[in-house]
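Participant: Before we start, here is the structure in question, set down as structure tokens.
Each reported figure results from applying straightforward, stated rules to the coordinates on display, with no laboratory input. Note that this is a predicted model, so its numbers are computed, not measured. Note: ideal-geometry Cβ built from the backbone for every residue, glycine included; neighbour counts use all protein chains shown.
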Amino acid sequence: NLRGLDLRAEIDRLRKERNAVILAHYYQEPQIQDLADFVGDSLDLSRKAAATNAEVIAFCGVRFMAETAKILSPDKIVVLPDMAAGCSLEDSCPPDQFKAFREAHPDHIALTYINCSTEVKALSDIIVTSSSAENILAQIPADQKIIFGPDKNLGGYLKRKTGRDMLLWPGVCIVHEAFSETELLKLRAQHPGAPVLAHPECPPHILDHADQVGSTKAILDYALASESEVIIVATEPHIIHQMEKAAPHKTFIGAPGADGNCNCNMCPYMALNTMEKLYLALRDLAPRVEIDEELRVAAKRSLDRMLEMAG
Ligand code: 13P
Ligand code: SF4
């Protein structure tokens, strides 16, 4: 029974006792973001996990992110507060089907979004994140054929932006799919001149209205640098916490779903991590991310390529 426990104080005590670092994604609840040692996007979180001296990484994000931390830092204990924190993009790309897709296109390399399983990473040549995809794509020779998975929206965005042809896997993020174009246009009409910032996991009918498209970190940086007093944010709305902290005088509005508010765009997987579960994960050093060594080494190859190429 955790009732009456000062969770914040207990987490602080355990983090010292365990020599743990707490890494959190921008989509985590505000309390978790506020106590984390580092909050970032997928690329920066991977870099932090690879470089940390801590003995324990408590990863407040989804499972593929915690697995990435374990792949890059195999000697650390990596705990994820809730092992059920998956990702719809990962679910959309079963490894056996991805393997068959690769085998059907033997002259293509697989450029793969980090939102996938460790097995799919092991079947891929180069991993990308939303913040590094364009830069990495530009380094691949123009005549090299490419398959891109699992996010067809990020893939489609890259194709339109760079003019590069790629074969796309048909996966989507259920959170970014939920934004409504009609409601976004209504909101825009209410706030003329407010820029729309969107994550590339949004479908094209949302990206068409975006003034800036980028990773969570890129969206945050743009929002803070913008001269506008009102900013519309088309990604998971928990990132607005960082915006309001850094620029309390500005108004940040989450892009709406069909019901006219942004509550339907919360990531249900990210929401599985709670203060209580983080406390228990640090106390019990469980649930732990464990990966078969052969699989880990195979997946590390494509992740190392990403870290080299992203610079
Ligand atoms: P970022 O790398 O932009 O933080 O994206 C992670 C993610 O899961 C977005 O839905
Ligand atoms: Fe996956 Fe979408 Fe949640 Fe990101 S927001 S973790 S892509 S389901």
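Participant: Between residue 97 and residue 37, what is the FRET efficiency for a Förster distance of 41 Å, r being their Cβ-Cβ separation, to the nearest 0.05?
Facilitator: Once the sixth-power term is evaluated, E becomes 0.65.
Participant: Please give the length that would be gained between residue 47 and residue 164 if that part of the chain were fully extended, namely 0.36 nm times their separation in residues minus their C-alpha to C-alpha distance (nm, one decimal).
Facilitator: 39.4 nm
Participant: So, one more: Given the pairs 70/152; 161/245; 186/250; 145/300; 76/245; 16/121, which span a C-alpha to C-alpha distance of over 29 angstrom in this model?
Facilitator: 161/245; 76/245; 16/121
Participant: Using alpha-carbon positions, what is the distance between the centroids of the range 202-244 and the range 38-92, in Å?
Facilitator: Centre-to-centre (Cα) distance: 24 Å.
Participant: Explain nothing, just the number: relative contact order of the range 176-265, from Cα pairs under 8 Å at least 6 residues apart, as a whole percent.
Facilitator: 32
Participant: So, one more: Residues with amide H under 5 Å of residue 78's amide H, sequence separation 5 or more or different chain, H placed in the peptide plane at 1.01 Å from N; which?
Facilitator: Under 5 Å from the amide H of residue 78: 57, 289.
Participant: For n ≥ 4 DSSP H runs only, could you compute -39500 (n - 2.57) per run for the chain, divide by its residues and tell me the 222 nm figure to the nearest 500?
Facilitator: Only helices count here, giving -12000 deg cm²/dmol.
Participant: Counting other beta carbons within 10 Å of each residue's own, what order do 87, 264, 60 fall into, fewest first?
Facilitator: 264, 87, 60
Participant: To continue, here is another question. Just to check I understand the Karplus step: with θ = phi - 60° and J = 6.51 cos²θ - 1.76 cosθ + 1.60, what whole-Hz values come out for the range 214-225, glycine and proline as x?
Facilitator: Per residue, the Karplus-derived 3J(HN,Hα) values read x, 5, 4, 5, 5, 5, 4, 4, 5, 4, 6, 7 Hz.
Participant: Which of rounded, prolate, oblate describes the chain, given a ≥ b ≥ c as roots of the alpha-carbon gyration tensor eigenvalues and a/c under 1.5 marking rounded, otherwise prolate only if a/b is larger than b/c?
Facilitator: Verdict is oblate for the chain.
Participant: Using the beta-carbon distance between residue 208 and residue 107 and R0 = 30 Å, what value does 1/(1 + (r/R0)^6) give for FRET efficiency, to the nearest 0.05?
Facilitator: Using R0 = 30 Å, I get an efficiency of 0.40.
Participant: Further, regarding this structure: Applying the Karplus parametrisation 6.51 cos²θ - 1.76 cosθ + 1.60 with θ = phi - 60° to the phi angles of the range 274-289, what ³J(HN,Hα) value in whole Hz is obtained for each residue in order, glycine and proline being reported as x?
Facilitator: Along the range 274-289, the couplings run 10, 4, 4, 5, 5, 4, 5, 5, 6, 5, 9, 6, 7, x, 9, 7 Hz.
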